[in-house]
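Chemist: I have a structure I would like to understand better, so I am pasting it below and will then ask my questions one at a time.
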């Protein structure tokens with residue numbers, strides 16, 4: 001299989017951006033929220049009391065539903081929005097499709113869902129590449 005190039009990554013990014021625009025338009029039309037959740041939403045506004053290292057393992061991308069600090073840069077499906085740098089996204093996409101891959105992401109686990117702290121581009125590119133799991137360092141939190 002041939003390596004994915006940066007230019008192929010840019011093409012994929014542009015395709016994902018169009019999908020994101022359509023998704024946002026449809027969400028507005030149907031009065032549905034398509035934004036990533038915040039930690040406050042997932043903990044019911046309670047502050048995080050405890051953190052426990054959950055180790056590194058593969059997590060289902062579909063269960064990553066929130067973001068710490070970048071919730072307005074990606075849709076809930078991790079489609080990139082206008083604020084996302086196309087060049088950086090394309091580089092990450094090419095790396096995901098390369099033999100060396102990318103470093104694990106950093107997530108918080110709240111109940112049975114995850115909130116990304118670091119790795120938004122990696123999640124977006126992995127999802128665009130058709131992956132359903134991603135390597136993650138997990139910190140379990142309790143509110």
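Chemist: Output the number of the condition that residue 78 fails; it satisfies all remaining conditions of (1) on the phi > 0 side of the Ramachandran plot; (2) surrounded by 11 or more Cβ atoms within 10 Å (Cβ to Cβ); (3) at pLDDT below 90.
Modeler: That leaves (3) as the condition not met.
Chemist: If you don't mind, another one. Among the residues of the stretch 41-66 satisfying the criterion of being farther than 29 Å from residue 101 by Cβ and over 18 Å from the mean Cα position of the chain (by Cα), which is surrounded by the most Cβ atoms within 10 Å (Cβ to Cβ)? Before the answer, list the steps.
Modeler: First, the residues of the stretch 41-66 that are farther than 29 Å from residue 101 by Cβ: 41, 43-50.
Next, from what is left, pick out any that are over 18 Å from the mean Cα position of the chain (by Cα): 43-50.
Details: 43: 19, 44: 8, 45: 10, 46: 11, 47: 8, 48: 14, 49: 9, 50: 8.
Going through the qualifying residues, I end up with 43.
Chemist: Looking at (1) free of Cβ contacts under 8 Å to residues at least 40 places away in the same chain; (2) within 21 Å of residue 21 (Cα to Cα), which is the only condition residue 78 fails?
Modeler: Of everything listed in (1) free of Cβ contacts under 8 Å to residues at least 40 places away in the same chain; (2) within 21 Å of residue 21 (Cα to Cα), residue 78 misses just condition (1).
Chemist: Condition test on residue 24, is it in contact (Cβ under 8 Å) with a residue 40 or more places away in the chain, under 16 Å from the mean Cα position of the chain (by Cα) and either exposed (fewer than 12 other Cβ atoms within 10 Å of the Cβ) or over 17 Å from residue 111 (Cβ atoms) (or both)? Spell out the reasoning first.
Modeler: Details: in contact (Cβ under 8 Å) with a residue 40 or more places away in the chain: yes; under 16 Å from the mean Cα position of the chain (by Cα): no; either exposed (fewer than 12 other Cβ atoms within 10 Å of the Cβ) or over 17 Å from residue 111 (Cβ atoms) (or both): yes.
No; evaluated as a whole, the condition is false for this residue.
Chemist: Going by the structure shown, is residue 64 under 23 Å from residue 135 (Cβ atoms) and modelled with pLDDT under 95?
Modeler: On the way: under 23 Å from residue 135 (Cβ atoms): yes; modelled with pLDDT under 95: no.
In short, no.
The values are calculated or read from the model by the stated rules, or taken from the named source; none is laboratory data. Just so it is clear, the model here is predicted, and its values are computed rather than measured. For neighbour counting, all protein chains shown are included, and Cβ atoms are generated from backbone atoms with ideal geometry for every residue, glycine included.
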